[in-house]
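Structure first, then comments.
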Amino acid sequence: MTDLGSVPWPPAPIRTERLVLRAAEARDRAGFVELYASQEVHTYLGGARPREELEREMPAVPGRWPGSFVVTLDRAMIGQVLLRRATEDSRPAAVGKVDLGYLFLPRAWGHGYGAEACRAALNWLDGVLPGEPVVLATQTANTRSLRLAAELGFTEAERFRAWEAEQWLGLRPAASV
């Protein structure tokens, strides 16, 4: 995956009804460690990384690149939304398109925060890169992620096998400009 090119970054914080999406800051480091070390979060992502390894290797300000949004609720990090350009190593249907990814801490699950945050990030993307189609990949076993993808307007582009599991690639067509 690569970045989004010359989009202005960081943008002003994006405020939704309950959340704020913003660029990463040093105060988010502990939240990133918790997110990446969580076995629950990484059930469908190949497994979590060891906390000790993350504490040792994570930079002072993790996740600081165009398209990486920290999602906060009441000023506390609850997740991350990522928008990156899919590279040639990706699925053929995804190559060159913007890829949406998201991770949320288990305590944030089941409240609609994922849909709210992803919708805000996609609206931002539509403003800075109008006419861009977006892809999203998830394991077919991850029913929560599949429901979120459908709610966000993604439809199946293909299924494939990777990491010893069936994967689903969804496509959200370019927004009308």
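For this structure, a couple of remarks:
- If you model the stretch 91-136 as an ellipsoid using its alpha carbon gyration tensor, with each semi-axis the square root of five times an eigenvalue, the axes come out at 23, 14, 6 Å, biggest first.
- At R0 = 25 Å, FRET efficiency that the Cβ-Cβ distance of A174 and T140 yields, to 0.05: 0.50
- The eigenvalues of the Cα gyration tensor, multiplied by 5 and square-rooted, give the stretch 69-152 an equivalent ellipsoid with semi-axes of 22, 16, 11 Å from largest to smallest.
- Rounded D (µm²/s) - the stretch 1-68, Kirkwood Rh over Cα pairs, Stokes-Einstein at 37 °C, 0.692 mPa s: 241
- Its relative contact order, with pairs defined as Cα atoms under 8 Å and 6+ residues apart, puts the chain at 20 percent.
- Per-atom-type breakdown for the chain gives carbon and sulfur 51% of the accessible area (1.4 Å probe, protein chains only).
- Helical runs (DSSP H, four residues minimum) scored at -39500 (n - 2.57) apiece and divided by the length of the chain put the mean residue ellipticity at 222 nm at -7000 deg cm²/dmol.
- Fraction of beta bridges assigned by DSSP in the chain that are antiparallel (%, nearest 5): 95
- In the stretch 1-106, GluC sites (Glu not before Pro) in a DSSP loop with at most 11 other beta-carbon atoms within 10 Å: E17, E40, E88
- Annotation: per residue accessible area for the stretch 1-150 equals 49 Å², rounded to a whole number [probe 1.4 Å, protein chains only].
- A full extension of the chain between W163 and R18 corresponds to an added length of 48.7 nm, given 0.36 nm per residue minus the alpha carbon distance.
- Between D74 and S6, the C-beta separation translates, for a Förster distance of 41 Å, into a calculated FRET efficiency of about 0.75.
- For the stretch 54-108, convex hull of alpha carbons as volume per residue, Å³: 126
- Rg and Dmax of the chain, based on Cα coordinates, read 15.5, 47 Å.
- Taking the Cα centre of the chain as origin and assigning +1 to Lys and Arg Cβ atoms and -1 to Asp and Glu Cβ atoms, the resulting dipole is close to 300 debye.
The values are calculated or read from the model by the stated rules, or taken from the named source; none is laboratory data. The shown structure was predicted, so the numbers you read here are calculated from the model rather than taken from an experiment. So basically every Cβ, Gly included, is an ideal-geometry build from the backbone, and we count neighbours across all protein chains shown. What goes into the accessible areas is simple: the full protein's heavy atoms, side chains included, and nothing from ligands, DNA or RNA. Shrake-Rupley method; radii C 1.70, N 1.55, O 1.52, S 1.80 Å.
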